[in-house]
């Protein structure tokens, strides 16, 4: 565990979390709301979210093209 813990809040965008984790070589990132820890984000959570967003975009574009 690192002594200099980086945190994000619940409103932090996925791409910001991904950039922070990539730059700092973190695999887990605490989510803090005020002075309370409300969760922990893993790199897998971020990848799942990004893939889901891409699948949704592909579906919308496919529907748009076909209509």
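The values are calculated or read from the model by the stated rules, or taken from the named source; none is laboratory data. These figures come from a predicted structure and were not determined experimentally. Here Cβ is always computed from backbone atoms with ideal geometry, including for glycine, and neighbour counts include all displayed protein chains.
Laid out as a table, the results:
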quantity: Verdict on residue 22 being under 14 Å from residue 6 (Cβ atoms) and either outside any strand (DSSP E or B) or modelled with pLDDT under 95 (or both); calculated: yes
quantity: Hey, residue 60 at pLDDT 95 or above, within 22 Å of residue 2 (Cα to Cα), assigned to a helix (DSSP H, G or I) and out of contact with any strand residue (DSSP E or B) (no Cβ under 7 Å at 6 or more places or on another chain) or not; calculated: no
quantity: Residue in the stretch 34-50 that is on the phi > 0 side of the Ramachandran plot, exposed (fewer than 11 other Cβ atoms within 10 Å of the Cβ) and out of contact with any helix residue (DSSP H, G or I) (no Cβ under 8 Å at 6 or more places or on another chain) present; calculated: yes
quantity: Test: residue in the stretch 8-17 that is over 17 Å from the mean Cα position of the chain (by Cα), modelled with pLDDT of 95 or more and loosely packed, with under 10 Cβ neighbours inside 10 Å; calculated: no
